[in-house]
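A.B. asks: Before we start, here is the structure in question, set down as structure tokens.
We did not get these values from a lab; they are worked out from the coordinates using the rules stated. Please read all numbers here as calculations on a predicted model, not as lab measurements. All Cβ positions, glycine included, derive from the backbone under ideal geometry; neighbour counts span all protein chains shown.
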């Protein structure tokens with residue numbers, strides 16, 4: 001409940017704070033998240049008085065989410081101080097509040113040295129802060145929360161951006177002590193704090209000494225300047241440690257990392273997350289990056305609904321055109337608010353020939369003529385279809401260098417260009433061990449002024465460089481002329497803005513930043529992927545909307561709207577509303593509060609929440625094209641029959657027959673579809689449901705999308721596709737319907753189950769025969785010596801089992817070998833596969849010696865179990881893997897050897913089966929439902945090709961006749 005604004009403010013003041021004369025003019029409005037009566041003589045707190053900021057800008061009058069806000073008369077000491085933190089260090093001049101007084105540090109203060117306990121702290125005035133008003137703001141809920149998210153997202157999308165990266169290490173001497181007070185916030189829309197780092201799969205603080213104070217200081221300053229404050233996670237050094245690849249190797253790891261990012265963002269009051277993974281460069285990492293972005297977007301949206309705030313998401317991405325594919329821009333760019341192209345570090349002393357750090361255009365002598373800023377931006381926009389409004393072009397405030405560069409003019413007038421060089425130049429920004437010649441602009445400017453270097457301009461690449469004939473040094477960089485041209489290029493091409501790496505490299509007068517300000521001050525051009533005002537006389541294109549329907553799905557009431565697939569892209573926005581209140585919609589190729597189905601010429605959007613409370617008989621559902629050319633495309637008046645799932649049946653000839661039969665006393669639904677319509681080149685989607693199931697109305701049975709059927713088994717002849725559902729709990733008297741989702745949603749068939757058809761004969765099972773394929777050889781002594789025993793299958797107890805030369809096998813094994821084709825064995829110290837166990841697989845090696853120190857299995861083996869299959873949760877045997885030792889009735893928990901991965905249900909994407917066994921993989925538990933057979937020694941790198949990706953829920957093994 002949102003309390004009355006005046007009542008709450010006066011209540012807090014009365015019980016805890018005396019009201020001053022001007023307090024009567026300060027009141028809170030929980031509906032707008034603002035105070036009225038603020039003026040520049042006041043200060044505000046958004047954390048219950050822990051920190052204070054001078055009120056200087058109307059943009060500060062915003063208190064979203066659950067915020068305990070206070071307003072008081074401005075006190076400079078309160079604004080520059082903070083509450084004492086025993087976990088922090090302090091430097092001379094820092095002021096804190098402690099035990100009711102201000103305290104100032106005279107010199108360095110170590111952690112835990114509190115005011116009053118050491119003469120390093122000098123006591124000052126009393127902290128007599130008397131608030132005019134205190135108010136507990138609360139977040140919006142329901143439609144109001146959704147509307148706020150949509151408004152803020154649209155505002156972010158419409159903003160021309162200048163994103164400056166603030167380096168955490170910039171406060172040290174190498175960066176000329178670049179502190180938050182030296183930032184020109186007037187030239188920025190965003191300030192990205194670099195970096196939080198990934199360690200042990202979660203986000204953590206890098207510089208625990210400096211970062212807390214820096215982040216708090218920057219929060220105050222960005223808030224006052226109305227600049228978004230983002231946390232950048234990763235960076236070059238952190239990425240090179242392989243932390244992103246390791247953290248996202250499993251779905252669980254990805255979720256853990258994403259949760260920690262959102263938690264860190266919330267803890268330190270950032271406005272969003274920027275991912276700096278340098279760089280995904282394999283298919284596996286592409287999938288991992290995609291899942292991370294998807295998870296983050298979902299979590300940020302959920303958190304935003306709680307906090308009355310739209311949290312932004314961006315990523316710093318490669319300038320190498322060969323690797324753009326690995327960020328999966330077709331999917332991820334729709335989820336991000338900006339795609340930050342790191343258009344620098346293109347050439348440097350990591351290469352043997354000199355070149356430009358950030359060439360705007362190609363040089364005719366470039367070996368790779370697409371490796372330049374312009375061609376990279378073009379690739380993102382044209383090849384990968386990233387909306388230009390989301391593309392931020394990198395501008396470097398630094399340069400790189402080579403030594404031992406001869407002055408040969410391979411290009412007339414450009415000495416040293418494309419010549420050999422070496423990493424021998426020590427730059428001001430280089431680490432102690434590095435010689436990359438990395439210098440900020442202000443140092444390069446000093447070098448030019450020294451007279452030791454000459455500036456040259458590459459008229460093809462449109463960037464300068466410095467060359468010293470006497471030092472034989474070649475320094476590549478950007479200066480005011482090249483940055484001015486890059487600003488023009490951004491504006492001329494209609495890109496969304498610029499990123500600056502990094503802002504500490506500019507002069508104290510912000511020479512480069514003042515040039516880049518033009519980007520911030522120039523609106524995005526007409527036609528960008530942002531909302532535009534409707535035409536005075538809008539043109540209604542009826543072909544955009546293909547259908548609206550209300551249906552039931554797994555216990556929920558849903559609204560479905562189908563759109564022309566050609567309009568589900570950049571430049572288009574559609575919304576569905578109920579009696580004028582927003583339900584869900586799409587913007588560009590992104591859907592909001594809805595699930596998306598892509599079916600050829602149509603895209604189907606289904607509300608991802610239960611809309612039952614929003615609909616009643618007579619409610620008008622309206623679909624609107626918001627832009628371009630705003631128009632109402634269609635309306636649907638809701639009836640009680642629709643709410644009950646009783647849509648009229650409109651037969652179109654797709655369903656030839658429908659029946660419900662029992663096999664082994666289990667009900668199944670059988671549907672014959674017109675094969676041509678099921679496989680239509682225009683796309684199709686059909687779903688079967690139990691519409692009046694008392695437990696779950698609209699209970700899903702199976703679906704067939706674009707000719708491929710799920711949770712069912714399909715066979716075909718020349719004209720008909722015969723679909724048999726997986727087992728389903730269907731009772732007499734219930735109604736089964738077939739709904740066409742696309743094209744044009746409608747109910748096309750219905751049957752009331754009055755009786756079950758005659759029971760077909762059970763399906764035949766493979767017949768077991770002895771296994772003879774060799775899986776392992778156990779040896780009596782170390783080094784594969786002594787008597788031996790060949791393993792062709794499980795041995796529950798080695799007691800009484802003889803090796804080849806007559807030795808008893810029990811407690812005699814000291815080494816083993818695995819032949820080619822074996823997936824491995826698990827050895828146990830007790831009979832019946834009990835006791836201590838150890839797994840031996842051929843993934844890395846095929847010979848194992850148990851006599852080596854650390855082994856607990858030497859002369860202790862009493863039973864042997866063969867690895868019969870290995871499953872992976874990624875394609876091509878990637879991601880998390882699990883060894884499957886035998887018949888497993890449930891893959892989503894409880895199998896004793898999977899305690900490290902208790903949930904593998906519906907996660908299997910690739911599989912290998914040991915020689916000698918056939919694995920029957922089922923889509924339901926307890927060996928039920930649709931299945932596939934994986935034969936002896938068969939390896940399937942991608943189960944999606946069998947329409948069985950992420951479906952497996954149980955697995956049963958049969959002995960293969962051939963082995």
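A.B. asks: Taking 8 Å as the Cα distance limit and 6 or more residues as the minimum spacing, I'd like the relative contact order of the stretch 256-388 as a percentage. All intermediate terms of the calculation are to be shown ahead of the outcome.
C.D. replies: Numbers: 175 pairs, mean separation 28.0, N = 133.
It comes to 21 percent, rounded to a whole number.
A.B. asks: Let me ask something else about it. Determine, from the Cβ-Cβ distance of residue 755 and residue 144 and an R0 of 45 Å, the FRET efficiency 1/(1 + (r/R0)^6), rounded to the nearest 0.05.
C.D. replies: Numbers: r = 51 Å, r/R0 = 1.14.
Step by step, r from the Cβ atoms, then E = 0.30.
A.B. asks: Need the full-extension length gain, residue 452 to residue 720, defined as separation in residues times 0.36 nm minus the C-alpha distance. One decimal, nm. It would help to have the intermediate numbers written out before the result.
C.D. replies: On the way: separation 268, 0.36 × 268 = 96.48 nm, distance 8.27 nm.
Going from the current span to full extension adds 88.2 nm.
A.B. asks: If you don't mind, another one. Suppose we keep just the DSSP beta bridges with both residues in the chain; what percent of those would be antiparallel, to 5?
C.D. replies: Expressed as a percentage, antiparallel bridges in the chain total about 80.
A.B. asks: For helix 511-520, report the angle its Cα long axis makes with the longest principal axis of the Cα atoms of the chain; keep it between 0 and 90° and round to the nearest 10°.
C.D. replies: The angle comes out near 60 degrees.
A.B. asks: Cα convex hull of the stretch 203-266: how many Å³ per residue? Numbers along the way, then the final one.
C.D. replies: Details: hull volume 5.9 nm³, N = 64.
Convex hull volume per residue, Cα atoms: 91 Å³.
A.B. asks: Could you give the C-alpha radius of gyration of the stretch 542-643 expressed as a fraction of 2.2 N^0.38 Å, taking N as the number of residues it contains? Walk me through the intermediate numbers first.
C.D. replies: On the way: Rg = 12.6 Å, N = 102, 2.2 N^0.38 = 12.8 Å.
Scaled against compact globular proteins, the figure is 0.99.
A.B. asks: Now a separate question. Calculate the radius of gyration of the Cα atoms of the chain to one decimal place, then report Dmax, the largest Cα-Cα distance, as a whole number, both in Å.
C.D. replies: Just the Cα atoms of the chain yield Rg and Dmax of 33.7, 104 Å.
A.B. asks: Do you know the relative contact order of the stretch 632-717, to the nearest whole percent, from alpha carbon pairs under 8 angstrom that are 6+ apart? Could you put the intermediate results ahead of the total?
C.D. replies: Values: 95 pairs, mean separation 15.7, N = 86.
Here the relative contact order equals 18 percent.
A.B. asks: Between the helical axis of 142-157 and the dominant principal axis of the chain, each derived from Cα atoms, what acute angle in degrees is found, rounded to the nearest 10?
C.D. replies: 60 degrees
A.B. asks: If R₀ is 45 angstrom, what is the calculated FRET efficiency for the pair residue 378 and residue 906, using the beta carbon separation as r and rounding to 0.05? Walk me through the intermediate numbers first.
C.D. replies: On the way: r = 41 Å, r/R0 = 0.91.
Step by step, r from the Cβ atoms, then E = 0.65.
A.B. asks: If you don't mind, there's one more thing I want to ask. Starting from one equal scatterer on each C-alpha and no solvent at all, send me the Debye-based log10 I(q)/I(0) for the stretch 869-959 at q = 0.10, 0.14, 0.21, 0.23 Å⁻¹, two decimals.
C.D. replies: -0.19, -0.39, -0.95, -1.18
A.B. asks: Let me check the size of the stretch 136-194 from its C-alpha atoms; what are the radius of gyration and Dmax in Å?
C.D. replies: In Å, with Rg to one decimal and Dmax whole: 17.2, 51.
A.B. asks: To continue, here is another question. Relative to the compact-globule scaling 2.2 N^0.38 Å, provide the ratio for the alpha-carbon radius of gyration of the stretch 655-752. Could the numbers behind the result be given before it?
C.D. replies: Numbers: Rg = 12.8 Å, N = 98, 2.2 N^0.38 = 12.6 Å.
The value comes to 1.02.
A.B. asks: Per 0.36 nm of contour for each residue apart, how much would the distance between residue 422 and residue 664 grow if the chain were fully extended, relative to their Cα-Cα spacing?
C.D. replies: Numbers: separation 242, 0.36 × 242 = 87.12 nm, distance 7.71 nm.
Value of the extension gain: 79.4 nm.
A.B. asks: Under the classification rounded if a/c is under 1.5, otherwise prolate if a/b is larger than b/c and oblate if not, where does the stretch 357-448 fall, given a ≥ b ≥ c as square roots of the Cα gyration tensor eigenvalues?
C.D. replies: Details: a/c = 2.44, a/b = 1.47, b/c = 1.67.
Since a/c reaches 1.5 but b/c is at least a/b, the shape of the stretch 357-448 is classed as oblate.
A.B. asks: Under a point spin-label approximation (7 Å from Cα along Cα-to-Cβ), what is the residue 404-residue 796 distance to one decimal in nm?
C.D. replies: Modelled inter-label distance: 7.3 nm.
A.B. asks: Cα extents of the stretch 134-270 along the three principal axes, largest first, in whole Å?
C.D. replies: Here the spans come out as 45, 42, 35 Å, largest first.
A.B. asks: Same structure again: Averaging the inverse of every distinct alpha carbon separation and then flipping it gives the Kirkwood radius. What is it for the stretch 94-173, in angstrom units? Don't skip to the end; give the middle numbers.
C.D. replies: Working: mean 1/r = 0.0549 Å⁻¹.
With all distinct Cα pairs of the stretch 94-173 included, I get 18.2 Å.
A.B. asks: Could you tell me the calculated FRET efficiency between residue 617 and residue 852, based on Cβ-Cβ distance and R0 = 60 angstrom, to the nearest 0.05? Show your work: numbers first, answer last.
C.D. replies: Values: r = 77 Å, r/R0 = 1.28.
That pair, residue 617 with residue 852, gives E of 0.20.
A.B. asks: Continuing with the same structure: Please pull out the direction-averaged projected area of the stretch 581-721, using the convex hull of its alpha-carbon atoms, in nm² to one decimal place. Please report the intermediate quantities before stating the final value.
C.D. replies: On the way: hull surface 43.3 nm².
Mean projected area for the stretch 581-721: 10.8 nm², to one decimal.
A.B. asks: Report, in degrees rounded to the nearest 10, the 0 to 90 angle that the Cα long axis of helix 251-267 makes with the longest principal axis of the chain.
C.D. replies: 30 degrees
A.B. asks: Also: Report the label-to-label distance for residue 808 and residue 29 in nanometres (one decimal), using points 7 Å from each Cα along the Cα→Cβ vector.
C.D. replies: About 9.0 nm, to one decimal.
A.B. asks: When the Cα centres of the stretch 188-231 and the stretch 628-672 are compared, how far apart do they sit, in Å?
C.D. replies: Between the Cα centre of the stretch 188-231 and that of the stretch 628-672, the gap is 52 Å.
A.B. asks: Taking every pair of Cα atoms in the stretch 374-518, average 1/r, invert it to obtain the Kirkwood radius, and report Rg/Rh to two decimals. Working shown, then result.
C.D. replies: On the way: Rg = 16.3 Å, Rh = 16.3 Å.
Over the Cα atoms of the stretch 374-518, Rg/Rh equals 1.00.
A.B. asks: Could you give the alpha-carbon Rg of the stretch 776-866 over 2.2 N^0.38 Å, rounded to two decimals? Walk me through the intermediate numbers first.
C.D. replies: Numbers: Rg = 11.5 Å, N = 91, 2.2 N^0.38 = 12.2 Å.
For the stretch 776-866, the normalised Cα radius of gyration is 0.94.
A.B. asks: Please compute the length gained on full extension between residue 302 and residue 944, using 0.36 nm multiplied by the number of residues separating them and subtracting their Cα-Cα distance.
C.D. replies: In short, 228.1 nm is gained.
A.B. asks: Kindly provide the helix-only [θ] at 222 nm of the chain, computed as the sum of -39,500 (n - 2.57) over DSSP H runs of four or more divided by all residues, to the nearest 500 deg cm²/dmol? Can you show the working numbers first?
C.D. replies: Values: 15 runs with 151 residues, N = 963.
Value at 222 nm, helices only, nearest 500: -4500 deg cm²/dmol.
A.B. asks: Let me know the Kirkwood hydrodynamic radius for the stretch 278-412, please, with Cα pairs as the basis and the value in Å to one decimal.
C.D. replies: 16.6 Å is the Kirkwood radius here.
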